[in-house]
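Okay, structure first, notes after.
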Amino acid sequence: MIASVHGRVAALGPDGAVVEVGGVGLAVSCSPGTLARLRVGETARLATSLVVREDSLTLYGFADDDERGLFELLQTANGVGPKLAQTILGVYPPREVRRAIATSDLTALVKVPGIGRKGAEKIVIELRDRIGSITGSDAGSALAGVTAIAPWKDQVLHALAGLGFTGKEAAEAIEEVAAGSSDNPEVAVILRRAIQLLGRTR
């Protein structure tokens, strides 16, 4: 298993990064929040989890080992695959995910794209006793009002900056592609649309 990668960030895309390790460029699938922390040409360390399928090998990257461990735990719940686990961690940081599951906060969980009420109930039932401890102050608070790791516009702006676009270009593209969207749209979707738009205008 590849537990982590450390090397120069060679490229960034809407769904992941290429990290050069020992002369080999490794494609790592990352959430928008993780991508926003990376810069092309700079050195980075990502905790990773290798998901093996009959027809593919996919390396998922995370900001730290705790996030990676939670990603793997989430997949032990019935109906949660690597993509959905990554989406959950793209919407909420690890502490908030644990708190939502430990306190049976279904309202928070169903805000994650791809999770319905029945799916949220299964996750809570199957993982509540294995999710790990949360502090007393955390346990008593609700998650319904918790927002994503960072404001979605900031996440998209940072990711576009990492791809080499100027702040003005990024801001204008975001305003155009996000017009008519909800107050809290899916970051990956907006990022992908913005990249497509900017690619056409250059």
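The values are calculated or read from the model by the stated rules, or taken from the named source; none is laboratory data. In this text the structure is predicted, and so the values were computed from the model without any measurement. Positions of Cβ are backbone-derived with ideal geometry, glycine not excepted, and every protein chain shown enters the neighbour counts. Surface areas here come from the heavy atoms of the whole protein model, side chains and all, with no ligands, DNA or RNA. Shrake-Rupley method; radii C 1.70, N 1.55, O 1.52, S 1.80 Å.
With a/c under 1.5 counting as rounded, go ahead and sort the chain into rounded, prolate or oblate using the C-alpha gyration tensor (a ≥ b ≥ c being the square roots of the eigenvalues; past the cut-off, prolate if a/b is larger than b/c, else oblate). Spell out each step's value before the answer.
Values: a/c = 1.97, a/b = 1.29, b/c = 1.53.
In terms of gyration-tensor shape, oblate.
Here the chain is treated with +1 on each Lys and Arg Cβ and -1 on each Asp and Glu Cβ, and its dipole about the Cα centre works out to around 140 debye.
Taken about its Cα centre, region 6-120 carries a charge dipole of about 340 debye when Lys and Arg each add +1 at the Cβ and Asp and Glu each add -1 at the Cβ. The radius of gyration of the Cα set in region 42-86, together with its Dmax, comes out at 11.2, 38 angstrom. For the chain, the residue among V97, F165, A3 whose Cα projects farthest onto the positive side of the dipole built from Cβ charges is F165.
What ranking do 32-38, 19-25 get when scored by the average of other Cβ atoms within 10 Å per residue, highest first?
On the way: 32-38: 23.4, 19-25: 13.0.
Descending packing order for the listed peptides: 32-38, 19-25.
Per-residue ellipticity at 222 nm computed for the chain from its helices equals -12500 deg cm²/dmol, with DSSP H segments shorter than 4 residues left out and the rest contributing -39,500 (n - 2.57). Of the peptides 89-98, 50-59, the order by per-residue mean of other Cβ atoms within 10 Å, starting with the highest, comes out as 89-98, 50-59.
Among the lysines of the chain, pairs that are 8 or more positions apart or on different chains and have alpha carbons within less than 27 Å of each other number 7. Per residue, the chain exposes 50 Å² of accessible surface when a 1.4 Å probe is rolled over the protein heavy atoms with every protein chain present. Projected onto planes of every orientation and averaged, the convex hull of the alpha-carbon atoms in region 1-103 covers 6.8 nm².
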